[in-house]
Amino acid sequence: MTKFLLPFLLLATAAQAQIETPDGALARDAATWAAVAGLPVDEAERQLRAQGETIAVTDAIAAEFGNRLTGIAIEHRPRYLIRVLLTGSEPVPDRRIVAGGLDVAVEFRTDALATRAQLLAALSTHQAAIRASLRRAPGLGVDQRNGSLVVMVGDADAAAYPAGELEQRFANLTGMPVTVRRLDTTADAAIEGGARVVGTSPVDGKRYACTTGFVVTDGGRLGVVTAAHCPDTLAYVEADRTQVPLSFVGQWGWSFQDVQLHLASAEASLAPSFFADTAKTLRRAVTAARPRASTRAGDVVCHRGERTGYSCAEVEYVDFAPSGDLCGGPCAPTWVAVAGPSCRAGDSGGPVFDGTVALGLVKGSSYRPDGACSLYYYQSTDFLPDGWRVLVAPDPPRNGEGDRSAQPSGGGASPPMLRSR
């Protein structure tokens, strides 16, 4: 192991951190997104509220038009709207809904050349041939905004062909519309020193540090997940340098997964919460885990990494296969790619979230020649190890009820922190 990994976990040190309410989390995300998008803060907050409230609508549209659906995408400027791209020429009347205090248009476009399912099938069928035809294995994806396969090529490949030739070549090969995009340097986000758990690699005998992502449960046990290239044997280092052992359960790092699972010792406990802010003074209780199927191009998601801290950006591709052999070979198009510029080596394994909703774990990033981040990509919580799911906090107390600790399905109460005794 030659790289460094910095995923993220809320453990005992969270005792000094305040709980951020869902409304507070939304307000903080909105202010961050407003600065990125150039929107007034109040408009950004309405848009993020509409984002959550329209998921059921777009899920229903996906089911309604499944045999024609090419893609669903969110636009934020000049106004918040939902675009639905369909195959076939039969028109579909536009719709309007009220969400987040906004009058949201749902605009349908037809005459796409292929459905999302057809694009994904073509990607799977021709991925090996596309990779073999280029000097460098490309990133691949589906652009749900325009209904094309995306092929991300390196500088040498881009310079070797006249403009438009690669698009035509890959369109002839796949039978699908193709967009070629310049590929930047891509790599797993690495392990970095100075994090919250430590372990020794059996490969080189060196000691490495990393942090972890969301707390998970199998219904009876509690564990924590991180990226698969963290050392197998880890101990959590508390603020007073006390070490709490974490036992290795397993590692899944191929095709559609980059995840590793650890259990806390019998003397420790875990909580369904995570840090979101850069300074780690605020923690958010996890209220839900959203599946990848409900994620749209254009959704605003946030992540917290030890290297770059807290940031928010738009989803670029819901179906993305990173370049090279970062998945123990070719990657499946199941990763979600998010626009930069806030990602760096060291963010790997960190939580990706929408307010208090868990979405996934950062795997890696793509960088421009000047070192700036162009996009990062994450593994959805859909692909946690079999039988495990994100631990969700109970509803807050109501009508004077006392505090209630988290209840994993089928298990007992969980104390709110990881703390050695």
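Readers should treat all values here as calculations from the given coordinates under stated rules, not as data from a laboratory. Every value quoted in this text rests on a predicted model; they were computed, and no experiment measured them. Please note: Cβ atoms are built from the backbone with ideal geometry, for glycine as well, and neighbour counts cover all protein chains shown.
Each Lys or Arg adds one and each Asp or Glu subtracts one; over the other residues with Cβ under 14 Å from the Cβ of L359, this totals +2.
Counted by Cβ distance under 10 Å from A30, the other residues give a net charge of -1, where Lys and Arg count +1 and Asp and Glu count -1.
Remark: spin-label model distance K206-S133 equals 4.0 nm, labels positioned 7 Å along the Cα→Cβ axis.
Net charge within 15 Å of E43 by Cβ-Cβ distance, Lys/Arg positive one each and Asp/Glu negative one each, not counting E43 itself? Kindly include the intermediate steps, with their values, before the conclusion.
Details: positive: R46, R49, R77, R79; negative: D29, D42, E45, E75, D103.
It works out to a net charge of -1.
For the range 62-183, the convex hull drawn through the C-alpha positions has a volume of 126 cubic angstrom per residue. With both labels modelled 7 Å from their Cα along Cα-to-Cβ, the V36 to N146 distance reads 2.2 nm.
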